[in-house]
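The values are calculated or read from the model by the stated rules, or taken from the named source; none is laboratory data. On a predicted model such as this, the values are computed, not experimentally measured, just so you know. Please note: Cβ atoms are built from the backbone with ideal geometry, for glycine as well, and neighbour counts cover all protein chains shown. Just so you know, the surface numbers come from the protein's heavy atoms only, side chains and all, with ligands and any DNA or RNA stripped out. Shrake-Rupley method; radii C 1.70, N 1.55, O 1.52, S 1.80 Å.
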Amino acid sequence: MNATSNQKICDEIKKLDGVRFAGILNDRGKLIEGGMKQGFDTLSSKRDDEMLFMELVLRVKMRQEFDTQLGSVKFAMALRDKVLEMSFPLDKSVLFVVAESTASYAVMPKRILEIIQSQK
């Protein structure tokens, strides 16, 4: 995917109710597209965000070690007290989405997958 389609993905996801953040991370965990939804503040420091992004990309890469046996990962999710975190592997990058903890964890990831597919 190119930068234009990555930005469109982030913009479309940020339109969804309850989404706080949608960003594309490169293979080193650096935010290369997207960011916080207007009107929302980050719940962590910039340094903590950088550490979270690096750890997330590493976790995605580790999951891909089992793609041959189990099939490719479409998304992974963590429900926390304050937020719902979702990661979606994209070619050589990762889409990271943070939503309110009350967001539907049955509907939200499926809708995001539809948005990703529409940009391919």
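General observations
- Residue by residue, region 86-93 carries 3J(HN,Hα) couplings of 9, 10, 10, x, 10, 5, 10, 10 Hz when phi is fed to the Karplus relation 6.51 cos²θ - 1.76 cosθ + 1.60 (θ = phi - 60°); x denotes Gly or Pro.
- Close amide H pairs (under 5 Å, H built 1.01 Å from N) link Leu90 with Leu95, residues at least 5 positions away or on another chain.
- Expressed as a whole percent, the accessible surface of the chain that belongs to carbon and sulfur atoms is 52, based on a 1.4 Å probe.
- Listed values for region 50-65 are Karplus-derived 3J(HN,Hα) couplings in whole Hz (6.51 cos²θ - 1.76 cosθ + 1.60, θ = phi - 60°), namely 4, 5, 4, 4, 5, 5, 5, 4, 4, 4, 4, 4, 5, 5, 5, 4, and x replaces Gly and Pro.
- Whole-angstrom gap from region 100-120 to region 36-54, using each part's C-alpha centre: 20 Å
- For the chain, the number of Lys pairs with C-alpha atoms closer than 18 Å, counting only pairs eight or more positions apart or on separate chains, is 22.
- For the chain, a simple Cβ point-charge model (Lys and Arg +1, Asp and Glu -1, everything else neutral) yields a dipole of about 120 debye relative to the Cα centre.
- Using θ = phi - 60° and Karplus 6.51 cos²θ - 1.76 cosθ + 1.60, couplings along region 7-18 (whole Hz; Gly, Pro as x): 5, 4, 4, 4, 4, 5, 5, 5, 6, 5, 4, x
- Protein heavy-atom accessible surface, 1.4 Å probe, per residue over the chain: 63 Å².
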